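Single-structure report; data block below.
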Amino acid sequence: MSRTFRNLMVTGGAGFIGVNFIRWLFDQPDGPARIVNVDKLTYAGNPLSLLDVEKRAGDRYVFVKADICDAAKMKEVIEKYQIDAIAHFAAESHVDRSIVRPDEFVRTNIFGTYTLLQAAREHASQIQLFHHVSTDEVFGTLGDTGFFTEDTPYAPNSPYSASKASSDHLVRAYHETYRLPTTLSNCSNNYGPYQFPEKLIPLMILNALEGKPLPVYGDGMNVRDWLFVTDHCSAIWRVMTRAAFGSTYNVGGRNELPNLRVVEKICDLVDAKAPPLPGGKPRRSLITFVKDRPGHDRRYAIDCSKIERDLGWKPAETWATGFERTVAWYLSHFEWCAQVRSGDYQKWIATHYA
Ligand code: NAD
Ligand code: DAU
């Protein structure tokens, strides 16, 4: 069994994973006829990342600047573009920001997901699938051993992960109660091109390049399971096109690494690819241990055997190939990096998408 879709709505398609998903999907033979990207363009959303796609795809791509909490607008988009499937990425996604200002996380991640689910439910004869993109952080933290499976009880520890857990429960409830055709994926840490440089890997690449301190939280021994972003995209598409309604799938790279090792590897790659620092000192010398993140989950590790077994999915990249590609991408996209980090970017959005 493999589903096909005509008009796919992608929420948050101007963010890191959404951009990669749209770019990746336009290259697939079984992609939808049209993609409608609905994004509010917060600080994390960047339509620049899709300018070339916009030109190439013509009528097959539409961008709508909108907030997923706006029920009337969601209804309008679903009707105007005859949406038959929704891939829901839009979220506030950064744990550190959620610790400082949880309100937007509750609003977008919980109320926004509810608003979309409700809009889908109100168009039940039209919507063939609602796919919810979620995170392994809903499962909380692991000790030195063990893996998260689809049956691991939820135990979120940050306002971000609590808001994502809540949205997952709403998706489950809309399937159980209203028979909305849903699928859900919980993925580990992504990295790759177009990631906003507040997250560990792009932040470290750009700081290392510029000779700035590389802030490592706590003892640097917190472990994450790293997945190259297009491997996440292919997993989502497998689930969307082949998984049973109401099912959930864990997605991970079997690439567990402590943060300190990640930062050291980034330093070595930047040393190898970029001009040397003054005095020729190695970038590892920039590593600076700083105060730990409150409630910092110690270890994430995904058991992805269900998606491998049921849907035949496998990641294409290892951390070694993926880190190399990622560092090379950031070192060759200075303009993108400068724009997303500058205040001018907000002005650019105001003129282009008013
Ligand atoms: P991101 O922060 O890079 O992008 C989020 C996008 O959502 C941005 O384009 C932003 O403008 C948009 N957005 C935010 N609030 C909105 C609103 N109210 N209405 C419409 N659009 C809004 O995030 P990302 O890293 O691309 O993550 C995408 C999804 O994947 C999220 O749901 C996240 O929880 C999930 N996820 C991320 C990772 C990861 O490692 N980055 C891993 C697993 C799951
Ligand atoms: O596991 C999936 C999650 O991965 C996603 O759901 C989130 O949206 C995504 O942001 C990511 O969350 P993390 O908190 O794991 O990612 P982040 O890049 O913020 O941090 C990765 C690890 O590195 C974490 O243990 C904290 C640490 N860290 C992070 C930053 C930004 C540092 O040591 N120094 C830093 O400056």
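Taking amide H atoms as placed 1.01 Å from N in the peptide plane, the amide H of Asn189 lies under 5 Å from those of Asp225, Leu227, each 5 or more residues away in sequence or on another chain.
If Lys and Arg each add +1 and Asp and Glu each add -1, what is the summed charge of the other residues whose beta carbon sits under 14 Å from the beta carbon of Glu150?
After counting each charged neighbour, the total is -3.
Once the Cα atoms are used to define both axes, helix 159-178 deviates from the longest principal axis of the chain by about 20 degrees.
Ranking Thr135, Cys267, Trp313 by how far each Cα lies toward the positive end of the dipole of the chain (charges on Cβ) leaves Cys267 at the top. For the pair Asp59 and Glu176, a Förster radius of 45 Å applied to the C-beta separation gives a FRET efficiency near 0.75, rounded to the nearest 0.05. Within the range 273-354, the chymotrypsin sites (Phe, Trp or Tyr not before Pro) that combine a DSSP coil assignment with at most 16 other C-beta atoms in a 10 angstrom radius are Tyr353. In the chain, Cα pairs under 8 Å separated by at least six residues give a relative contact order of 18 percent. Solvent-accessible surface of the chain, averaged per residue with a 1.4 angstrom probe and all protein chains in place: 41 square angstrom.
Roughly to the nearest percent, how much of the accessible area of the range 179-275 is carbon and sulfur, given a 1.4 Å probe?
Within the range 179-275, the accessible surface is 54 percent carbon and sulfur.
Each label was represented as a point 7 Å from its Cα along the Cα-to-Cβ direction; for Arg309 and Asp144 these points are 2.8 nm apart.
A simple rule links phi to the HN-Hα coupling: the Karplus curve 6.51 cos²θ - 1.76 cosθ + 1.60 with θ = phi - 60°, which for the range 290-299 gives 10, 3, 6, 5, x, x, 5, 4, 6, 8 Hz, with x for Gly and Pro.
Accessible area per residue (1.4 Å probe, heavy atoms of protein chains only) ranks Thr11, Thr248 as Thr248, Thr11, with the largest value leading. Across the range 60-73, coupling constants 3J(HN,Hα) worked out from phi with the 6.51/-1.76/1.60 Karplus curve, θ = phi - 60°, read 6, 10, 10, 10, 10, 7, 7, 9, 5, 7, 8, 4, 5, 5 Hz, and Gly and Pro carry x. The mean sequence distance of close C-alpha pairs (under 8 Å, at least 6 residues apart), as a share of the length of the range 99-159, puts its relative contact order at 34 percent. Gain on full extension, evaluated as 0.36 nm per residue between Ala244 and Glu122 minus their Cα-Cα distance, stands at 41.8 nm. Measuring between alpha carbons in the structure, the pairs from Lys40/Lys73; Lys65/Lys199; Lys212/Lys291; Lys65/Lys347; Lys73/Lys199; Lys273/Lys347 lying more than 22 angstrom apart are Lys65/Lys199; Lys73/Lys199; Lys273/Lys347. Compared with the dominant Cα axis of the chain, that is its longest principal axis, helix 259-273 is turned about 70°.
The values are calculated or read from the model by the stated rules, or taken from the named source; none is laboratory data. No experiment lies behind these values; they were computed from the predicted model shown. Quick reminder, even Gly has a Cβ in these numbers, built from the backbone with ideal geometry, and neighbours come from all protein chains shown. The accessibility values were calculated without ligands, DNA or RNA, using every heavy atom of the protein model including side chains. Shrake-Rupley method; radii C 1.70, N 1.55, O 1.52, S 1.80 Å.
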